[in-house]
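The values are calculated or read from the model by the stated rules, or taken from the named source; none is laboratory data. It should be emphasised that the depicted structure is a prediction, and the values quoted were computed from it without experimental measurement. No Cβ is skipped: glycine too gets one built from the backbone with ideal geometry, and neighbour counts run over all protein chains shown.
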Amino acid sequence: MSFDLPRLANLQPADIERFQHDGFLVVEKVLSPDRVEALRATFTRLFAGKFDTGIYPDEWYWREGMSLPDVTRHMANAWKADLTVARLALSADVGRAATTLTGWSGARLGQDTIWWKAPKTKAVTLHQDTSFLDYLDPPQTITCWVTLDDTHRDVGTLEYVAGSHRWPLTPIPEGFHAPDDYRALMKNAARLAGVLDPQPSFIEIPAGSCVLHAGEIWHGSAPNNAADRMRRSIGIHLTPADVRFSDRPGGYICRRYQRTDDPSLDESYFPILWTNDGHRTPWIEGYCKTGKRSARR
């Protein structure tokens, strides 16, 4: 079955207030050490092309012997390939936390993202997640970023600009991986928003912790300057349960799952994790046990 994450299931009014003010919320130690270790082990298998279900993830960036060694590795929708990832990405408690912080009536999984910043790998540009969602109505998202290693600023931890979720939304960035100045787009957005000296906050937290962040907040990561430490993490990107495909272009991954003449998102590919009226995609628990998408027990 999917992971239970009780620390996320019991967010308090002060947590909501902090999220609304800063645009992100840190929640430490949501995963037990054994679950952290199990998720770490999936990274080696996944990037070696060994998939529990026999299905490839939707995006696979970095391959041994083919890709440059100094770029951050990532995958999208590894939940379709690996059941350990699925148990985290499909957690009801992650969905409940998203609805608590956003005020949505429910939350569905948009996609997961596997991040592996190996030693001496380059930066990822600061960006806003919602910039990538123009193909949805409403174009809204919240991310639960889960750390699998202790994070430090010299190992390329995630950094946020508190309050930047109130700045205007910008277009999709170019040069997402390994830019010359990974903060350049953020600095320009700050000037346009009338912010003269934006100061990023570095997330330094234990393995098994998480950060929930608004889709509009500016965030990214510096290079990993360490020679012997890595930063592994998983991003779970959620959208409102009632979201639909827009008439606008875009969505090079998600559009492949849109039915003809139907703007609704199919729960076969975008499962609902939690709604306030109790609905949850019925095949999730069975899938997390067997790898088969069936609601039959």
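Determine, yes or no, whether ASP93 is more than 23 Å from LEU158 (Cα to Cα) and assigned to a helix (DSSP H, G or I). Judged against the criteria, ASP93 is not a match.
Do we have GLY175 as at positive phi and surrounded by 23 or more Cβ atoms within 10 Å (Cβ to Cβ) here? Here the answer is no, as GLY175 does not meet what is asked. Do we find a residue being farther than 25 Å from LEU109 by Cα, among the aliphatic types (A, V, I, L, M) and either in a strand (DSSP E or B) or touching a residue at least 40 places away in the same chain (Cβ under 8 Å) (or both) anywhere in the stretch 147-157? Looking through the stretch 147-157, at least one residue is farther than 25 Å from LEU109 by Cα, among the aliphatic types (A, V, I, L, M) and either in a strand (DSSP E or B) or touching a residue at least 40 places away in the same chain (Cβ under 8 Å) (or both). Scanning the stretch 57-66 finds no residues that are under 19 Å from THR143 (Cβ atoms), at pLDDT below 95, surrounded by fewer than 18 Cβ atoms within 10 Å (Cβ to Cβ) and among the small types (Gly, Ala, Ser).
Can you pull out the residues in the stretch 237-254 that are over 27 Å from ASN276 (Cα atoms) and either acidic (Asp, Glu) or part of a helix (DSSP H, G or I) (or both)? ASP247 - this is the single residue of the stretch 237-254 that is over 27 Å from ASN276 (Cα atoms) and either acidic (Asp, Glu) or part of a helix (DSSP H, G or I) (or both). The set of residues in the stretch 274-297 being under 21 Å from the mean Cα position of the chain (by Cα), farther than 19 Å from PRO57 by Cβ and hydrophobic (A, V, I, L, M, F, W, C) consists of TRP274 alone.
So which of ILE217, ILE205 ends up being assigned to a loop (DSSP other than H, G, I, E, B), out of contact with any helix residue (DSSP H, G or I) (no Cβ under 7 Å at 6 or more places or on another chain) and at pLDDT 95 or above? Step through it out loud before you land on a result.
Numbers: ILE217 fails: out of contact with any helix residue (DSSP H, G or I) (no Cβ under 7 Å at 6 or more places or on another chain).
ILE205 is the lone residue from the list that is assigned to a loop (DSSP other than H, G, I, E, B), out of contact with any helix residue (DSSP H, G or I) (no Cβ under 7 Å at 6 or more places or on another chain) and at pLDDT 95 or above.
Of everything in the stretch 97-126 that is within 13 Å of THR239 (Cα to Cα), part of a loop (DSSP other than H, G, I, E, B) and touching a residue at least 12 places away in the same chain (Cβ under 8 Å), the residue that is farthest from the chain's Cα centre (by Cα) is SER105. Of everything listed in (1) touching a helix residue (DSSP H, G or I) at 6+ places or on another chain (Cβ under 7 Å); (2) at negative phi; (3) modelled with pLDDT of 95 or more, the single unmet condition for ALA189 is (1). Run VAL36 past the list (1) surrounded by 13 or more Cβ atoms within 10 Å (Cβ to Cβ); (2) out of contact with any Gly (no Cβ under 6 Å at 6 or more places or on another chain); (3) not aromatic (Phe, Trp, Tyr) and report the number of the one that doesn't hold. Only one criterion in (1) surrounded by 13 or more Cβ atoms within 10 Å (Cβ to Cβ); (2) out of contact with any Gly (no Cβ under 6 Å at 6 or more places or on another chain); (3) not aromatic (Phe, Trp, Tyr) is unmet by VAL36, namely (2). Could you check, for the stretch 53-72, whether at least one of its residues is among the aliphatic types (A, V, I, L, M) and touching a His at 6+ places or on another chain (Cβ under 7 Å)? Yes, the stretch 53-72 contains a residue that is among the aliphatic types (A, V, I, L, M) and touching a His at 6+ places or on another chain (Cβ under 7 Å).
Could you tell me whether ILE114 is touching a His at 6+ places or on another chain (Cβ under 7 Å) and crowded, with 16+ Cβ neighbours inside 10 Å? Answer is yes for this residue. Consider the stretch 260-280 and keep the residues that are assigned to a loop (DSSP other than H, G, I, E, B) and out of contact with any Phe, Trp or Tyr (no Cβ under 9 Å at 6 or more places or on another chain). The one that is modelled with the lowest pLDDT is GLY278. Within the stretch 181-202, being free of Cβ contacts under 8 Å to residues at least 24 places away in the same chain and assigned to a loop (DSSP other than H, G, I, E, B) holds for ASP181, GLY194, LEU196, ASP197. Screening the stretch 239-255 for residues that are in contact (Cβ under 8 Å) with a residue 12 or more places away in the chain and within 18 Å of MET75 (Cβ to Cβ) and picking the one that is surrounded by the fewest Cβ atoms within 10 Å (Cβ to Cβ) gives ILE253. For the condition among the aromatic types (Phe, Trp, Tyr) and not in a strand (DSSP E or B), TRP60 does not qualify. Among the residues of the stretch 130-143, is there at least one that is modelled with pLDDT of 95 or more, aromatic (Phe, Trp, Tyr) and outside any loop (DSSP other than H, G, I, E, B)? No, the conditions are met nowhere in the stretch 130-143.
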